[in-house]
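Novice: Following this message is one structure expressed as structure tokens.
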Amino acid sequence: MTVPGIASPVLDALQNIVGARGVIADTSGMAGYLRDWSGDYRGTALAVLRPGTVTEVQALVRLCGSLGLGIIPQGGNTGLVAGAIDINAGSAVIVSLERLNAIRLVDAENFILQADAGCVLQTIKDASEQADCLFPLALGAQGSCRIGGNAATNAGGVNVLRYGMARDLILGLEVVLADGELWDGFCGLRKNNTGYDLKQLFIGAEGTLGIITGVEVKLFPKPARVETAYLGLASFEAAVALFGQARRDCSDLVSAFEIIGDECIELARLIDPETVAPVAAPVQVLIELSSSALVDLNAVLVGFLAGAMEKGLVSDAVLATSGAQAKGFWAIREG
Ligand SMILES: Cc1cc2nc3c(=O)[nH]c(=O)nc-3n(C[C@H](O)[C@H](O)[C@H](O)COP(=O)(O)OP(=O)(O)OC[C@H]3O[C@@H](n4cnc5c(N)ncnc54)[C@H](O)[C@@H]3O)c2cc1C
């Protein structure tokens, strides 16, 4: 069943660009694209369009522009704030980037990766790892969200302290503008002071200025050592003081520092009743350090914690002795 409101000549024109499998206009086929991840929001669309090439995105933008149709770009639809669906029932189509999902280049010498905007974040992380590199953007939705969506929302995640937000991790963008022109902002250069940094306009713009079709990101050396600890503290004030101490003692080795109030554990239990905090304390901190193999990371962590306990900032600490235990700590945070 097609949705009332989309005339069949328009459907034909859209199909001429992206082919029959590139247009979804029936209610059941569109349902998954019109519901946000939380299930809190539902939207409408005249159709869901799934271009398979950048040229198709350009042609769709030109056609929709000429017909006066609004366009909502959609990545993994994990944004949680209904940005990728039309909850106002306007005359809009959704342009899903899911078929534009290739890794274009991994350059481990230059620590650069280029990918289509519809590439799932986890796929980018896996490809980086295979090249002995790290793409540090990490969030609970990484198995579903797409790099174009990460750029469009300026995603943060758990490694912002050390590596910054998506804005800091993106070297270049490729964007289809409102008139269908392609803006190619890939440059591969870190040291680049040529004029305006136009890509920054598109980062965090949530698709209002164009459809991102390609993303060039910075890679980093893959840490050979990772130390994770779960800490118990008396108060949020102590956690803030501990954070300052961690920055001073461990410097840039701190890759994550998550403050978890006891009430968060109660909430996490609603999702997984088996959730048990490794320490019993009103405020908890999950800290992660990471480094190359040349750093005695365990000694840094133990030294830092000894000082923090002496100052009374930390009352209890569990150091992960295996990757599995560290993963268990992170599962609590994600919950
Ligand atoms: C379990 C969970 C944990 C999360 N944790 C975090 C977190 O720690 N930090 C954080 O920042 N976010 C987090 N999020 C939110 C979400 O994952 C991010 O905002 C993510 O970057 C969205 O990517 P997406 O591909 O799903 O984008 P979508 O939800 O599809 O779109 C988000 C916005 O970007 C626009 N957009 C999408 N793709 C493009 C494109 N190619 N070109 C132009 N505009 C586009 C859309 O129109 C929309 O406005 C979490 C979400 C979940 C479900």
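Novice: Based on DSSP H runs of at least 4 residues, each adding -39500 (n - 2.57), what is the mean residue ellipticity at 222 nm of the chain after dividing by all its residues, to the nearest 500 deg cm²/dmol?
Specialist: On the way: 12 runs with 109 residues, N = 335.
That comes out to -9000 deg cm²/dmol.
Novice: What does the net charge come to around residue 287 if you take all other residues with beta carbon closer than 10 Å to its beta carbon, with K and R at +1 and D and E at -1?
Specialist: Working: positive: none; negative: 227, 258, 288.
Every neighbour counted, the sum reads -3.
Novice: If you don't mind, there's one more thing I want to ask. Among 102, 13, 246, determine the one that fluctuates most according to a GNM of the chain built with springs between C-alpha atoms less than 10 Å apart.
Specialist: Judging by the Gaussian network model, the answer is 13.
Novice: Counting every Cα pair in segment 103-220, what percent are over 26 Å apart?
Specialist: Cα-Cα pairs of segment 103-220 separated by over 26 Å account for 11 percent.
Novice: Around residue 307, with a cut-off of 11 angstrom between Cβ atoms, what is the net charge of the other residues, counting Lys and Arg +1 and Asp and Glu -1?
Specialist: Working: positive: 248, 311; negative: 249, 310.
Net local charge, residue 307 excluded: 0.
Novice: Which value, in debye to the nearest 20, describes the size of the charge dipole of the chain about its Cα centre when Lys and Arg Cβ atoms bear +1, Asp and Glu Cβ atoms bear -1, and nothing else is charged?
Specialist: Taking the Cα centre of the chain as origin, the dipole is about 380 debye.
Novice: Here is a follow-up. Hey, what's the Cα Rg ratio for segment 225-334 versus the globular rule of thumb, 2.2 N^0.38 Å? Walk me through the numbers on the way to the answer.
Specialist: Numbers: Rg = 13.4 Å, N = 110, 2.2 N^0.38 = 13.1 Å.
Taking the Cα Rg and dividing by 2.2 N^0.38 Å, one obtains 1.02.
Novice: OK, next. So if I average 1/r over every pair of distinct C-alpha atoms in segment 167-207 and take the inverse, what Kirkwood radius in Å does that give?
Specialist: 11.1 Å
Novice: Relative contact order for segment 225-334 using alpha-carbon pairs under 8 Å, separation at least 6, rounded to a whole percent? Can you show the working numbers first?
Specialist: Values: 171 pairs, mean separation 51.0, N = 110.
Relative contact order, segment 225-334: 46 percent.
Novice: Checking the cross-link filter: which lysines have an alpha carbon closer than 29 Å to that of residue 222, excluding same-chain neighbours under 8 positions apart?
Specialist: Hits, sequence-local ones excluded: 125, 191, 199, 327.
Novice: Between 0 and 90 degrees, rounded to the nearest ten: what's the tilt of helix 121-130 against the longest Cα principal axis of the chain?
Specialist: It works out to around 60 degrees.
Novice: May I pose another question? Could you list the square roots of 5 times each eigenvalue of the Cα gyration tensor of segment 8-96, that is, the equivalent ellipsoid semi-axes, sorted largest first and rounded to whole Å?
Specialist: Ellipsoid semi-axes (Å, largest first): 21, 13, 12.
Novice: Percent of alpha carbon pairs in the chain separated by more than 28 Å? Can you show the working numbers first?
Specialist: On the way: 27743 of 55945 pairs.
In whole percent, the long-distance tail amounts to 50.
Read-outs throughout are calculated quantities, based only on the coordinates presented, and are distinct from any laboratory measurement. Remember, predicted model here, so these are calculated numbers, not experimental data. Virtual Cβ from ideal backbone geometry, glycine too; neighbours counted across all protein chains shown.
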